[in-house]
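Every read-out reported here was derived from the displayed coordinates using simple, explicitly stated rules and does not represent laboratory data. What you are looking at is a predicted structure, and each value in this text was computed from that prediction instead of being measured. Here the Cβ is made from the backbone with ideal geometry for all residues, glycine too, and neighbour counts use every protein chain on show.
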Amino acid sequence: MRIEEELTRGIEAGLAPAPSEPETREGRAVTVPSHWWFNLVCHTCGHTFRRGDAVLVDLAARTVRHLEPGLDCAGGPGTEPSATVAEFASGLQDGWPASVPLVRLAKDDWRVPRPGQRHPAPRCRYCAHTFRPGEHVVVCPCRIEDPACGAAVHRDPARGLSCWERWQPDGVVAICPVAKTKVTDHD
């Protein structure tokens, strides 16, 4: 029985690795999944913290805020992607087309969090991160003429967000994930 217990502890430790030392650095950092703030919501802008996000850490207050351009807590407007980045993204979309319509989220889209918003912002049905302006998403096709839910899933491979393909590899939504109703054909 002792070997089984050791094996179980080893598996648990391997599946949920903890940092070898507690987080002791303040100031600027780049978010990785092992950080305590990963996937939490920024109290300033309302967006979740994602892998690669530049942040400012205050350990004494145990707070973190984004330093990402385009998010309201960073204190500046976002920048449009350079021509090279836009061309790459377009080529990637052309080379890896979605089998469903895509929506590019505008800054004023209701799915994009806003500072001081009282209710939680919608999140991707797959990765559970909030939506950011400019991201491409697949919107649930339930009742297109009178949307029932508006649920969305990231589908923006140029930003590393291939949630749609992971969530629905066959590219079909048969049941609305929110209303739990059958999606009807609209062709």
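Below are the figures for this structure:
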| read-out | value |
| --- | --- |
| Selected residue (only one of A60, A29 is farther than 20 Å from R123 by Cβ and part of a strand (DSSP E or B)) | A29 |
| Residues that are without any contact (Cβ under 8 Å) to a residue 12 or more places away in the chain and basic (K, R), drawn from the range 109-135 | R118 |
| The range 24-70 - residue that is among the polar types (S, T, N, Q) and farther than 18 Å from P113 by Cβ and, of those, surrounded by the most Cβ atoms within 10 Å (Cβ to Cβ) | S34 |
| Residues located in the range 83-107, provided they are surrounded by 11 or more Cβ atoms within 10 Å (Cβ to Cβ), without any contact (Cβ under 8 Å) to a residue 40 or more places away in the chain and of a type outside the set (A, V, I, L, M) | E87, S90, G91, R104, K107 |
| Pick from the range 108-140, criterion within 23 Å of L92 (Cα to Cα) and over 14 Å from the mean Cα position of the chain (by Cα), ranking: surrounded by the fewest Cβ atoms within 10 Å (Cβ to Cβ) | V139 |
| Residue list for the range 150-176, filter: loosely packed, with under 14 Cβ neighbours inside 10 Å and over 18 Å from R132 (Cβ atoms) | R166, P169, D170, G171, V172, A174, I175 |
